[in-house]
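Bear in mind these aren't lab numbers, they're just calculated from the coordinates by the rules spelled out. Computed from a predicted structure; not experimentally measured. Every residue, glycine as well, gets a Cβ built from its backbone with ideal geometry; the counts of neighbours run over all protein chains shown.
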Amino acid sequence: MSYTIVPVNEIPKAQPVPHDDLTKLYKYFFYMEMICNEFYGIGLHAVQIGLPLDMYVIKRDSKFEYYLNCVYEPVRDEDPLPGPEKVLSIEGCLSLVNSDGSSRYFAVNRYKRIVVHGASLCAHKLELRPVHMYLGEGDGVYCMAHQHEISHGSGTLISQIGQEIYIRKVSYVKSTTTSKYLSSACWGPSSM
């Protein structure tokens, strides 16, 4: 069994993941983890490798976490702000690269605080656990990554909801919340 990132026009629609074969699910997650590591990603949804399943991996503190059938909802801010607060997130996507293989980046408005509902696969025990997880300011990249991956499951790409930007200068810093090297960059609209 071999998987790789599929072209954007071949990404299937995600279907709910049945819970009848956890060993098979773990194998899918393992392949997704390998691809994520190969391309230095912090997250990958199954639809990105052609699997029509609503499941994704996210790397946090050098370890992968496995999620399935997840949705998120924004957390409403307290008065005087009337609704969920959003922040600008600069994101790349393993499915959206230039013809030379280099990354494309998009400025996307994301919720600052969310609650994720769904299930998580505990790999060492091969058991499913319910997920009801609050993610807020202290979770930063991790909070944005969940929104990004869950959006893949609903068929939404960052190219549809964000503005492409061009990064002119990149310096790398080791993230404290993931093992991914995050870019600190000078950036502007891609038309520059």
field: Normalised convex hull volume, the range 15-185, alpha-carbon set, Å³ per residue
entry: 126 Å³
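Taking only Cα atoms of the range 1-68, what ratio of Rg to Rh do you get with Rh as the Kirkwood inverse-distance radius? Walk me through the numbers before you get to the answer.
Values: Rg = 11.3 Å, Rh = 12.0 Å.
A ratio of 0.94.
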- prompt: Which loop-located GluC sites (Glu not before Pro) does the range 53-161 contain, where loop means any DSSP state but H, G, I, E or B and the Cβ has at most 16 other Cβ atoms within 10 Å?
  reply: Glu78, Glu85
